[in-house]
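Asks: Quick one: the structure is below, and I'll ask about it shortly.
Please treat every number below as a calculation from the coordinates, not as lab data. The structure presented is a predicted model; accordingly, all values stated were derived computationally and were not measured. Cβ atoms come from the backbone with ideal geometry, glycine included; neighbour counts cover every protein chain shown.
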Amino acid sequence: MASANGIRLLVALGAILLLAGCMAPRPGADLPPFGDSMRHTRAAQTYEPGDEVPPLHGAKAAEAMHGYRQPAGGGGQAPSSSMP
């Protein structure tokens, strides 16, 4: 008799858990639609016809090229390969 009540209790708990799982909100339902970040970034980086484009006088490009030509260590001379 006690085991029959225990089985009924387990079946009832299982049904409750199953129904609770079906009622749970979808994971990520509060997040924006997939791809919004990429679309926003692309729109922010794209000039439309008629937009004012800032001039590039070459100083910024020359500074970038100078940085690219530096050794990978961050400046100074490249490490020598001499071993004692």
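Asks: I'd like the Karplus ³J(HN,Hα) series for the stretch 26-42: coefficients 6.51, -1.76, 1.60, θ = phi - 60°, whole numbers in Hz, and an x wherever there's a Gly or Pro.
Replies: 5, x, x, 5, 8, 7, x, x, 4, x, 4, 5, 5, 5, 5, 5, 5
Asks: At most 16 other Cβ atoms within 10 Å and a DSSP loop assignment: could you name the chymotrypsin sites (Phe, Trp or Tyr not before Pro) in the stretch 1-74 that fit?
Replies: Phe34, Tyr47
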